[in-house]
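What follows is a short report on a single structure.
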Amino acid sequence: MIREEQLLRGIIFGDKRTAEYVYMPGSEVGAQTPVYVYETETGRADIDLDEALHLIRVRDLRPTEHPLLGRTSC
């Protein structure tokens, strides 16, 4: 899956208009089962890969630039 590979490389998916972002923190690189982050204006939540891919698909999130992290989280 292309989206899974992009997440593993640190690509940030999001929507600047809704301030929603899904990404793998740099600290998770190389982890056997990495934890991903779903970030909104109201907070952040740790999620697994299946949930990350689901949110990207359902919320139609695209590779984007995070306001603090830039284009990648690594």
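Determine ³J(HN,Hα), in whole Hz, for all residues of region 8-17 in sequence, where each value follows from phi through the Karplus function 6.51 cos²θ - 1.76 cosθ + 1.60 and θ = phi - 60°; x replaces Gly and Pro.
Going residue by residue, I get 5, 8, x, 5, 9, 9, x, 9, 4, 5 Hz, with x marking Gly and Pro.
Roughly to the nearest percent, how much of the accessible area of the chain is carbon and sulfur, given a 1.4 Å probe?
Working: 2270 of 4750 Å².
The C+S portion of the solvent-accessible surface of the chain is 48 percent.
Which of 54, 38, 13 sits farthest toward the positive end of the charge dipole of the chain, with +1 on the Cβ of Lys and Arg and -1 on the Cβ of Asp and Glu?
Of 54, 38, 13, it is 13.
Nothing charged except the Cβ atoms of Lys and Arg (+1) and of Asp and Glu (-1): what's the magnitude of the dipole of the chain about its Cα centre? Round to the nearest 20 debye.
Numbers: 9 positive and 13 negative charges, 62 e Å.
It works out to roughly 300 debye.
Count charges around residue 19 for me, please; just the other residues with Cβ under 13 Å from its Cβ, Lys/Arg as +1, Asp/Glu as -1. Could you put the intermediate results ahead of the total?
Values: positive: 16, 17, 44, 59; negative: 15, 20, 39, 41, 65.
Every neighbour counted, the sum reads -1.
Kindly express, to the nearest 10 degrees and within the range 0 to 90, the angle between helix 49-58's C-alpha long axis and the longest C-alpha principal axis of the chain.
Relative to the chain, helix 49-58 is tipped by roughly 30 degrees.
Please list the equivalent ellipsoid semi-axes of region 13-64, computed as the square roots of five times the alpha-carbon gyration tensor eigenvalues, in descending order and whole angstrom.
Numbers: eigenvalues 69, 26, 18 Å².
Semi-axes from the Cα gyration tensor: 19, 11, 10 Å.
The values are calculated or read from the model by the stated rules, or taken from the named source; none is laboratory data. Keep in mind the model is a prediction, meaning the values are calculated, not measured. As a convention, Cβ positions derive from the backbone with ideal geometry for all residues, glycine included, and neighbour counts pool all protein chains shown. Ligands, DNA and RNA are stripped out before the accessible areas are found, and what is left, the full protein with its side chains, is counted by its heavy atoms. Shrake-Rupley method; radii C 1.70, N 1.55, O 1.52, S 1.80 Å.
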